[in-house]
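Here is the structure we will look at, set down as structure tokens.
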Amino acid sequence: MTSGASVERYRAEFPNDVASVRAIRDQVVVVARECIAEEATVQDIRLAVSEAATNSVVHGRAPEGALLVVRIETFDAEMCVIIADQGHGMLPRHDSPGLGLGLPIMSTVASRMEVVSPGVDGNTEVHMYFPLTTN
Amino acid sequence: MTQSGEPVGDQFVVRRVDSGREVLLELTGELDVAGIPRLSEAAGRLPAHGHVTIDLSQLSFMDSSGIRMLMSLDLRSRAEHWTLTLHAPQPQVLNVLKLCGFEDRFEITP
């Protein structure tokens, strides 16, 4: 469990399309490097964020023009990356560009992971927690 | 504030070199869901009884979208009677293969 007050480190919205996966990954890594000394953890975050953003774009069932909202919060000893989509929950797709590997990868590299539906504003949110090691 | 979808770093690029029944696919940059159509197109028709090398030495990042593509090529190689080698994966790419339990499925050369 997290303890202490959270600090919002980053918040931005991205178009819900495949091009945003890379942009989200890049932006989150910039913030992660400001807060986390362990490069291995930064790389875990990079991979997990890529999987979460891909899931939102591919499985999120978002309406036309929907956005992905990315937030990063830090607590005493953890960083939480939140990817929220304006879809209606995740459903499997027969033509998925994954092998159902996204969620297992995210849960393996993160300290823990939560899917919140509905979250803020009715969005589907993926919360991924990572150990915070200051520079 | 809505951010653009423009990436900060290198774009994903695939280059195909054909030499008889030898095909080299050189992947550069970062491979995610956005790059899959380009890789699928480059790997469209591959020679029966030939050999395909995927050079991963310049690929700095790959997620499970890339894993699925590699698995698809592996299945095709068996059905279409050609062989497949992955060459020089960087640590991040090798790590994803291991995370998914697929590192032993491929012939990997240093």
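A few comments on the model shown:
- When residues of region B:54-68 are limited to those that are surrounded by fewer than 21 Cβ atoms within 10 Å (Cβ to Cβ) and touching a helix residue (DSSP H, G or I) at 6+ places or on another chain (Cβ under 9 Å), the one farthest from A:Gln43 (Cα to Cα): B:Arg68
- Residue among A:Leu68, A:Leu103 that is of a type outside the set (Phe, Trp, Tyr), modelled with pLDDT of 80 or more and in contact with a helix residue (DSSP H, G or I) (Cβ under 6 Å, 6 or more places away or on another chain): A:Leu68
- Test: residue in region A:73-92 that is closer than 19 Å to B:Asp63 by Cα, at pLDDT 85 or above and out of contact with any helix residue (DSSP H, G or I) (no Cβ under 8 Å at 6 or more places or on another chain): yes
- Scanning region B:30-53 for residues that are buried (at least 18 other Cβ atoms within 10 Å of the Cβ) and within 14 Å of chain A (Cβ to nearest Cβ) gives B:Glu30, B:Leu31, B:Asp32, B:Val33, B:Ala34, B:Gly35, B:Ile36, B:Leu39.
- Every residue from region A:31-43 that is surrounded by fewer than 24 Cβ atoms within 10 Å (Cβ to Cβ) and more than 7 Å from every other protein chain (Cβ to nearest Cβ): A:Val31, A:Arg33, A:Glu34, A:Cys35, A:Ile36, A:Ala37, A:Glu38, A:Glu39, A:Ala40, A:Thr41, A:Val42
- Considering residues of region A:44-65 that are small (Gly, Ala, Ser) and surrounded by 18 or more Cβ atoms within 10 Å (Cβ to Cβ) only, the residue farthest from the other protein chains (Cβ to nearest Cβ): A:Ala62
- Applying a threshold of 6 Å to beta carbon distances and a minimum spacing of six or more residues, or different chains, the list of pairs starting in region A:68-86 at a residue that is over 12 Å from A:His127 (Cβ atoms) and ending at one that is among the basic types (Lys, Arg) reads A:Thr74/A:Arg9.
- Selection from region B:85-105 of residues that are away from chain A (no Cβ under 12 Å) and touching a Phe, Trp or Tyr at 6+ places or on another chain (Cβ under 7 Å): B:Leu86
- Within region A:31-70, being part of a helix (DSSP H, G or I) and of a type in the set (Asp, Glu) holds for A:Glu34, A:Glu39, A:Asp44, A:Glu51.
- Among the residues of region B:70-84, the ones that are touching a Gly at 6+ places or on another chain (Cβ under 9 Å) and either within 11 Å of chain A (Cβ to nearest Cβ) or among the polar types (S, T, N, Q) (or both) come to 1 in all.
- Looking only at region A:7-30, and only at residues there that are within 7 Å of chain B (Cβ to nearest Cβ) and part of a strand (DSSP E or B), the one that is farthest from A:Cys80 (Cα to Cα): A:Pro15
The values are calculated or read from the model by the stated rules, or taken from the named source; none is laboratory data. Computed from a predicted structure; not experimentally measured. So basically every Cβ, Gly included, is an ideal-geometry build from the backbone, and we count neighbours across all protein chains shown.
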